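J.: If you scroll down you'll find the structure; I have some questions about it.
The values are calculated or read from the model by the stated rules, or taken from the named source; none is laboratory data. Bear in mind the structure is a predicted one, so any value in this text is a computation, not a measurement. Because the Cβ atoms are built from the backbone with ideal geometry, glycine has one as well, and the counts that use them run over all protein chains shown. Side chains included, ligands, DNA and RNA excluded: accessible areas come from the protein's heavy atoms. Shrake-Rupley method; radii C 1.70, N 1.55, O 1.52, S 1.80 Å.
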Amino acid sequence: MAALAPLRSLEEEVTCSICLDYLRDPVTIDCGHVFCRSCTTDVRPASGGRPVCPLCKKPFKKENIRPVWQLASLVENIERLKVDKGRQPGEAAREQQDTRLCERHQEKLHYYCEDDGKLLCVMCRESREHRPHSAVLVEKAAQPHRKKLQDQRQCIVAEFEQGHQFLREREQRLLDQLAKLEQELTEGREKYKTRGVGELARLALVISELEGKAQQPAAELMQDTRDFLNRYPRKKFWIGKPIARVVKKRTGEFSDRLLSLQRGLREFQGKLLRDLEYKTVSVTLDPQSASGYLQLSEDWKCVTYSGLYQRAYLHPQQFDCEPGVLGSKGFTWGKVYWEVEVEREGWSEDEEEGDEEEEGEEEEEEEEAGYGDGYDDWETDEDEESLGDEEEEEEAAEEEEVLESCMVGVARDSVKRKGDLSLRPEDGVWALRLSSAGIWANTSPEAELFPALRPRRVGIALDYEGGTVTFTNAESQELIYTFTATFTRRLLPFLWLKWPGTRLLLRP
């Protein structure tokens, strides 16, 4: 208790006589008394036109008010002393490390200059540089920003709640439709089963009667021939369909809805993750790294392939044998996203749909031709030789197709650029290879991918700290492939092009 007495005495010395609280930004007036700066502004002028001291009633001039910096530091130390008494060991030291001090005066930053947008200590505020400016306490300056953050938080919560409510309602609606469809299927099955059992019983009775009739003597059997025909008319056995056509149609429609839901959710997730978590960046190509087989546009965002090597001077950073090029901007942290558009002559949706229709027609013709006498499947030695020749031709065509392709992705800044390269993740390249034949990830060995749609624009999402490179169809938001690795060096956009009639364009 004895140790608290001096502290209380100090508290009384640093208490403002007007607000009865600790002196905040203490100032002294003409008579020598000390008050908070904000409290002196509340002192009203006396009848003589000049304000008077609340303690001694002597008039003073507001232009003579001066700050007491030493007393401001004393107030801070007393507050810190009171707080430290209730702290655990080591907390005071950690807070002192976290407290930002003025680099010039080594004082605590109490004020915020609204004109310059800087934090100020007491001495900075009274300096010639900031005295004419509008300065407020840091906490007061932070209040509008806190309120703005709270409003944004409420908006985010409200938007997601609306989204959750919408999904819950759609989920319940689809589940209700599915339950109704299941009930109709069950009722139809029971009805079909009951009808079938009744029909079987009828036939069993007819068969029993006919067997008994067949055992009768000829004279007795021939007496009631007409009656026999009337009693047992020709009646086909009932063969119903287990699933009604309407129910079958609705089942197919429900399956289509489910596929649409899955596709829509994938697109929604891809777009939401890209927009909320990744920063879309504008990247350009580095002309010094471009191979002599490549031609860059003036804005360094488009590259085309040329079969002729067009550079006499070989730059140290340039790819020589491989037709590759790197981006001019690298990344060592964060989540970034950009797109690469693949422009191919004659690569259109109409042609693609036409190819699929022709393939379907060819398959149907082959199937129809296969229903013969069974001898068409036999092979002779000549057929084997011709098949062998066809396989060799197909392999040669596939090899030629591999040569005509392009690669998009990222590469380490230290990637090898001279000589023949494998361009694999272990070499510092994470990319997709695209051609008319398909899409592959440049793993070792290559992994063939089967996206729902051939991407015209490939989205590349790099999460450096997370160690992932994700490729998506930028138009449908479909996920194509994700590489996982540990990145330790700067990563650059990477393009490789050996495909005449094709252009690669960086977006945006």
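J.: Mind counting the residues in the stretch 22-56 that are open to solvent by 80 Å² or more (accessible area, probe 1.4 Å) and either part of a loop (DSSP other than H, G, I, E, B) or at pLDDT 75 or above (or both)? I'd like the intermediate steps shown before the answer.
T.: Taking the stretch 22-56 and keeping what is open to solvent by 80 Å² or more (accessible area, probe 1.4 Å), we get 24, 41-42, 44-45, 47, 50, 55.
Applying the additional criterion that residues be either part of a loop (DSSP other than H, G, I, E, B) or at pLDDT 75 or above (or both) yields 24, 41-42, 44, 47, 50, 55.
Summing the residues that are open to solvent by 80 Å² or more (accessible area, probe 1.4 Å) and either part of a loop (DSSP other than H, G, I, E, B) or at pLDDT 75 or above (or both) in the stretch 22-56 gives 7.
J.: Another one. Looking at the stretch 462-479, which of the residues that are touching a residue at least 40 places away in the same chain (Cβ under 8 Å) and part of a strand (DSSP E or B) is farthest from residue 333 (Cα to Cα)?
T.: 479
J.: Can I ask one more? With the condition kept exactly as written, say whether any residue in the stretch 482-489 is buried (at least 21 other Cβ atoms within 10 Å of the Cβ), more than 20 Å from residue 447 (Cα to Cα), over 22 Å from the mean Cα position of the chain (by Cα) and not polar (S, T, N, Q).
T.: Within the stretch 482-489, not a single residue is buried (at least 21 other Cβ atoms within 10 Å of the Cβ), more than 20 Å from residue 447 (Cα to Cα), over 22 Å from the mean Cα position of the chain (by Cα) and not polar (S, T, N, Q).
J.: Considering only residues of the stretch 120-138 that are under 17 Å from residue 72 (Cα atoms) and either basic (Lys, Arg) or without any contact (Cβ under 8 Å) to a residue 24 or more places away in the chain (or both), which is most open to solvent (accessible area, probe 1.4 Å)?
T.: Out of the qualifying residues, it is 125.
J.: Next up: Could you pull out the residue among 481, 464 that is touching a Gly at 6+ places or on another chain (Cβ under 9 Å) and closer than 17 Å to residue 337 by Cα?
T.: 464
J.: Select from the stretch 244-286 the residues that are assigned to a strand (DSSP E or B), open to solvent by less than 80 Å² (accessible area, probe 1.4 Å) and out of contact with any helix residue (DSSP H, G or I) (no Cβ under 8 Å at 6 or more places or on another chain) and list them in ascending order.
T.: Residue satisfying the conditions is 285 alone.
J.: Using the structure shown, decide if residue 425 is modelled with pLDDT of 95 or more, over 20 Å from residue 506 (Cα atoms) and surrounded by 11 or more Cβ atoms within 10 Å (Cβ to Cβ).
T.: So residue 425 fits the description; yes.
J.: Still on this structure, I have one more. Is it the case that the stretch 293-307 has a residue that's at pLDDT 80 or above and over 37 Å from the mean Cα position of the chain (by Cα)?
T.: Yes, because at least one residue in the stretch 293-307 is at pLDDT 80 or above and over 37 Å from the mean Cα position of the chain (by Cα).
J.: Only one residue in 482, 486 is in a strand (DSSP E or B), free of Cβ contacts under 8 Å to residues at least 40 places away in the same chain and hydroxyl-bearing (Ser, Thr, Tyr). Which one?
T.: 482 is the lone residue from the list that is in a strand (DSSP E or B), free of Cβ contacts under 8 Å to residues at least 40 places away in the same chain and hydroxyl-bearing (Ser, Thr, Tyr).
Yes/no per residue for (1) open to solvent by less than 50 Å² (accessible area, probe 1.4 Å); (2) over 23 Å from the mean Cα position of the chain (by Cα):
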site	(1), (2)
404	no, yes
410	yes, no
420	no, yes
430	yes, no
435	yes, yes
445	no, yes
448	no, yes
453	no, no
460	yes, no
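J.: Can you tell me which residue in the stretch 141-172 is least open to solvent (accessible area, probe 1.4 Å), limited to those that are under 24 Å from the mean Cα position of the chain (by Cα) and either among the aliphatic types (A, V, I, L, M) or at pLDDT below 85 (or both)?
T.: Only one residue fits best here, namely 158.
J.: Look at the stretch 173-217 and say how many of its residues are open to solvent by 100 Å² or more (accessible area, probe 1.4 Å) and under 26 Å from residue 252 (Cβ atoms).
T.: Counting residues in the stretch 173-217 that are open to solvent by 100 Å² or more (accessible area, probe 1.4 Å) and under 26 Å from residue 252 (Cβ atoms) gives 9.
J.: Take the stretch 218-230 and flag every residue that is assigned to a helix (DSSP H, G or I), at pLDDT 65 or above and surrounded by 11 or more Cβ atoms within 10 Å (Cβ to Cβ).
T.: Correct list: 221, 223.
J.: List, please: which pairs have Cβ atoms under 6 Å, are six or more places apart or on different chains, and start with a residue in the stretch 270-284 that is over 14 Å from residue 472 (Cα atoms) and end with one that is aliphatic (A, V, I, L, M) and modelled with pLDDT of 85 or more?
T.: 279/336; 281/336; 283/506
J.: Sticking with this one: Could you check the stretch 491-508 and list, in sequence order, the residues that are under 14 Å from residue 334 (Cα atoms) and at pLDDT below 95?
T.: Correct list: empty.
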